[in-house]
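Right, one structure below, let's go through it.
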Amino acid sequence: MGLPSGSHVWEELLPWSDKHYQEVLVAMQLADRNGAVNEEMLSGLCNLVRSAASPHGIKVLCNDIDESLERARSLDMFCVDVDVLIGLNVVARGDETLPMSRVRLEAGNAGMMLASDGTFQLTDSRGEVIYSLCNHESTPFSPEGLETLETHGITLLFDVPRVPDGIKNFNSMVALGRKLAHEVGGLLVDDNLRPLTDAGIEKIRAQLTQIYNKMESRGIPAGGRLALKLFS
């Protein structure tokens, strides 16, 4: 970001701009799903900026590494605490397999589209995934293979910190899971393949409420711009 000369409003730096700036800010994201930055990364950024600034006689302030490391550790601990992926499974009874033509029909009726990664996805107006539907086994879905694919189970996935209106969208996923189980003659089960009861679903809702409250209090609401960058 740059603060143009004579201005009090910061703006994004543009390549080949002929503007003059009284101050420039170079930032590094402190954490993501790979973990927190370390001292070597932050020192490397400072050294890079100093190298670029030195030939031009520009003063560089980069004296907050210790504070940034502490913030990075705190942010990483927060991420670990709220980074939850919820899976609901629909499995066939006994040695049967699920009728994939019916699965595809119900996924389409729910507004889901087959994505390039071999999963059906329901997306919001931004193109962000609300929840997805994948094969419980290792073979991804494909347009040409759906008619002949045999599988003993499918999984609905809900990436908690990346989804806004979480309770509403979780309820939508549960409703789809129940409908799929009914239409294909399967069972709706949790990650441990135990039947998913109303009490079990309510327990998940309570967990979601706690997570969303933590995210709101941290100023990183689920599905917002910061959450999407942090949980990438």
Legend entry - Pairs with Cβ under 9 Å, 6+ apart, first in the stretch 210-232 and free of Cβ contacts under 8 Å to residues at least 60 places away in the same chain, second assigned to a loop (DSSP other than H, G, I, E, B): Tyr212/Pro221; Tyr212/Ala222; Glu216/Ala222; Pro221/Pro164; Leu226/Gly219; Leu226/Ile220
Inset, instruction - Please enumerate the residues belonging to the stretch 108-128 that are in contact with a strand residue (DSSP E or B) (Cβ under 9 Å, 6 or more places away or on another chain), assigned to a loop (DSSP other than H, G, I, E, B) and not acidic (Asp, Glu). - result: Ala110, Gly111, Met112, Ala115, Gly118, Thr119
Legend entry - Candidate set: the stretch 129-164, residues that are modelled with pLDDT of 95 or more and assigned to a loop (DSSP other than H, G, I, E, B); chosen: the one surrounded by the fewest Cβ atoms within 10 Å (Cβ to Cβ): Pro164
Inset, instruction - List every residue pair whose Cβ atoms sit under 6 Å apart, with the two residues 6 or more apart in sequence or on different chains, where the first one lies in the stretch 43-63 and is closer than 18 Å to Met1 by Cβ and the second, anywhere, is assigned to a helix (DSSP H, G or I) and among the small types (Gly, Ala, Ser). - result: Val60/Ala53
Inset, instruction - Give the number of residues within the stretch 65-106 that are closer than 30 Å to Glu147 by Cα and under 21 Å from the mean Cα position of the chain (by Cα). - result: 5
Inset, instruction - Return the total of residues in the stretch 38-97 being farther than 30 Å from Cys134 by Cβ and among the aliphatic types (A, V, I, L, M). - result: 13
Inset, instruction - Of all residues in the stretch 1-56, count the ones that are farther than 27 Å from Ile220 by Cβ and of a type in the set (A, V, I, L, M, F, W, C). - result: 5
Inset, instruction - Inspect the stretch 92-101 for any residue being in contact with a Leu (Cβ under 9 Å, 6 or more places away or on another chain), in a helix (DSSP H, G or I), modelled with pLDDT under 95 and loosely packed, with under 14 Cβ neighbours inside 10 Å and give the result as yes or no. - result: yes
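The values are calculated or read from the model by the stated rules, or taken from the named source; none is laboratory data. Owing to the predicted nature of the structure, the values given are computational and were not obtained by experimental measurement. Don't worry about glycine lacking a Cβ; one is built from the backbone with ideal geometry, like all the others, and counts go over all protein chains shown.
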